[in-house]
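First the structure, in the form of structure tokens, and then the observations on it.
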Amino acid sequence: MTTQAHMGADPTVQRVITARINGRDVTRAVDTRTTLADWLRDELDLVSVHLGCEHGVCGACTVLLDGQSVRACLLLAVQADGHDVETVESLSGDPNDLHPIQQAFHEEHGLQCGFCTPAMVLRTKEILEERRERTDEEVRQEISGILCRCTGYQNIVNAVQCAARKLYAGSPAPIASGTGTGGSTDPHPGA
Amino acid sequence: MKPPRFAYYDPASVAEAVELKSRFGTDALVLAGGQSLMQDLNTRRTRPDALLDINRITSLQELQVGPTHLELGALVRQHRLETDPAVRRAVPLLTGVTHHIGHVENRHRGTVGGSMAQADPWAELPTAAVTLDAEMVIEGPAGRRVEAARDFFTGRGTTSIAPDELLVAVRFPLTPADAGWGFVEVARREGDRAMAAAAAQLRLDDAGRVASIAIGLTSITDHPVRAAETEAQLLGQVPTADAVAAAARAVEQQVDRADDVHATLGYRRHLAITVTQRAVLAAVQRAQEGDRP
């Protein structure tokens, strides 16, 4: 990744950038052609950033840039200079004390192989910032930019709805489970 | 799947960007939202000597509602067209088409100017621009010029932007209060490229006849076009379902694409007629209901 490090003096080839990564300022020299996805994963060891198609189709590398979901493979690391990047490592790393969204994916079996899970969890975090109830159909549309190759979408939808209930608990807004397809609230579907 | 080597420039002003474009000519590519160009770099379908990242040019991020036009800076993100009430009030068709652009992750980053300059035959915003007679504001070494959208798109992925020029803004005429709009797209899956799409905007007179109408078509030829014959047939007519269905048949002859993996020519002709019909009927319904925010 740093084959051009010796050319660091040329700002068209290498730059020193500072980005806020999961709440901490990180300053590094980056090759200008390094994608944000490769930088996060290979240089910063944030291995939740999964590289699937590497050309913007699968969504596995989704991160939050200034709070908005983006495909990290379609950004250059240098473009994160001065911006805020969040990966799923910003949630809990303690299996005994999971973030409510992680807990919901656990309870609802919202993952099979886990490859799309970091992206799905971050996208869930983003959409649940907007505190409103969604039908299952709306949830499906909201997560349609991320492919689950296990095709385990039903449990992901269930997990998103479960996470909404957890996060909105005690909120004055009424929380309904989905009215679209499926919508099981059984914590052990298909068992 | 890694970008090839290039010299990276991130100009801070339009003047600086134009200077770089003049210097590099066709050897430089402009990076706006990157939702198409980064794909092409990662897959190495393109290998520019220089990449001009315009994202630092804050003046290109402005959105202004003027007395006659909505002016969108080239870097206005597509997601803003969906969410900014000012856009929905000024040009509701824009809000309507934007949802069909890729996925929200793409629209968070993708830009108005990038979509226009990319000029993909299946792209929604170019079709909106041609339908609504938008104007492209282009800056070059000699200064600014303004080009009509219908002259701007010249073919698949090609526009009238010269190698030393930069698209800086797109101006959409404000939608009249009594106008109705419709947009209908057929794609295989949510977020996929349009196999065919139609945008329509029209006004009705007091007798319910079509007083003005514009229809734009996506993905039926190598660039967005107006359905001139269908427009002419409906102008001055009461747009009944039968009249619209009959007029929509005229678009069949405009479909000019060979069979491809997405659709055969015959199927695309069928889709073109269907989306035209539905988009016009949606516009008629909105014009009748006065569905404006």
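Numbers for the structure displayed
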read-out	value
Residue match in the stretch A:152-162 (condition: within 14 Å of chain B (Cβ to nearest Cβ), over 25 Å from A:ASP25 (Cα atoms) and part of a loop (DSSP other than H, G, I, E, B))	no
Test set (1) buried (at least 18 other Cβ atoms within 10 Å of the Cβ); (2) under 23 Å from A:GLU142 (Cβ atoms); (3) within 14 Å of chain B (Cβ to nearest Cβ) - A:CYS53 fails condition number	(1)
Residue pairs meeting the criteria (Cβ under 6 Å; at least 6 apart or on separate chains; first closer than 26 Å to B:TYR267 by Cβ and outside the structural domain of B:THR127 (by TED's automatic domain parsing), in the stretch B:181-210; second modelled with pLDDT of 95 or more and of a type in the set (Asp, Glu))	B:ALA194/B:GLU185; B:ALA197/B:GLU185
Filter result for the condition that a residue is within 15 Å of the chain's Cα centre (by Cα), closer than 20 Å to B:LEU93 by Cβ and not charged (D, E, K, R), over B:VAL186, B:VAL137	B:VAL137
The one condition in (1) closer than 19 Å to A:THR117 by Cα; (2) of a type outside the set (Ser, Thr, Tyr); (3) not in a loop (DSSP other than H, G, I, E, B) that A:VAL30 fails to fulfil	(1)
Qualifying positions in the stretch A:69-83 - within 7 Å of chain B (Cβ to nearest Cβ) and in a helix (DSSP H, G or I)	A:CYS73, A:LEU74, A:VAL78, A:GLN79
Flag if A:VAL63 is surrounded by fewer than 24 Cβ atoms within 10 Å (Cβ to Cβ) and either within 11 Å of chain B (Cβ to nearest Cβ) or under 17 Å from the mean Cα position of the chain (by Cα) (or both)	no
The listed residue being of a type in the set (D, E, K, R), assigned to a strand (DSSP E or B) and out of contact with any Ser or Thr (no Cβ under 7 Å at 6 or more places or on another chain), out of B:ARG145, B:ARG150	B:ARG145
Which numbered condition B:PRO85 fails, given (1) surrounded by fewer than 20 Cβ atoms within 10 Å (Cβ to Cβ); (2) assigned by TED's automatic domain parsing to the domain that holds B:SER13	(2)
Selection count, the stretch B:200-224, where residues are in contact with a Gly (Cβ under 7 Å, 6 or more places away or on another chain) and either under 19 Å from B:GLN118 (Cα atoms) or charged (D, E, K, R) (or both)	4
Wholly enclosed strands (runs of 3 or more DSSP E) of the stretch B:176-293 bearing at least 1 residues buried (at least 19 other Cβ atoms within 10 Å of the Cβ) and of a type in the set (Ser, Thr, Tyr)	B:210-218
Long-range neighbours under 8 Å by Cβ, at least six apart or interchain, first residue closer than 17 Å to A:GLU126 by Cα within the stretch A:89-113, second loosely packed, with under 15 Cβ neighbours inside 10 Å	A:SER90/A:GLY23
Those residues of the stretch B:92-114 which are among the small types (Gly, Ala, Ser) and within 13 Å of chain A (Cβ to nearest Cβ), in sequence order	B:GLY102, B:GLY110, B:GLY114
Some residue of the stretch B:47-59 being among the small types (Gly, Ala, Ser), in contact with a Phe, Trp or Tyr (Cβ under 8 Å, 6 or more places away or on another chain) and modelled with pLDDT of 95 or more	yes
Every residue from the stretch B:232-248 that is among the aliphatic types (A, V, I, L, M) and farther than 14 Å from B:GLY208 by Cβ	B:ALA232, B:ALA245, B:ALA246, B:ALA247, B:ALA248
Checklist (1) in contact with a strand residue (DSSP E or B) (Cβ under 7 Å, 6 or more places away or on another chain); (2) under 18 Å from B:ARG77 (Cβ atoms) applied to B:GLY180, failing item	(2)
Extreme residue, nearest to the other protein chains (Cβ to nearest Cβ), among residues of the stretch A:32-50 that are surrounded by fewer than 24 Cβ atoms within 10 Å (Cβ to Cβ) and under 15 Å from A:LEU122 (Cα atoms)	A:HIS50
Pair list, Cβ under 9 Å, 6 or more apart: the stretch B:163-179 residue within 17 Å of B:GLN61 (Cβ to Cβ), other residue hydroxyl-bearing (Ser, Thr, Tyr)	B:LEU167/B:THR159; B:VAL168/B:SER59; B:ARG171/B:THR68
Filter pass, B:ARG107 being surrounded by fewer than 19 Cβ atoms within 10 Å (Cβ to Cβ) and assigned to a helix (DSSP H, G or I)	no
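Residues checked against (1) modelled with pLDDT of 95 or more; (2) within 14 Å of chain B (Cβ to nearest Cβ):
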site	(1), (2)
A:CYS116	yes, yes
A:GLU133	no, no
A:ASP136	yes, no
A:ILE146	yes, yes
A:ALA164	yes, no
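The values are calculated or read from the model by the stated rules, or taken from the named source; none is laboratory data. On a predicted model such as this, the values are computed, not experimentally measured, just so you know. Cβ: placed from backbone, ideal geometry, glycine included. Neighbour counts: every protein chain shown.
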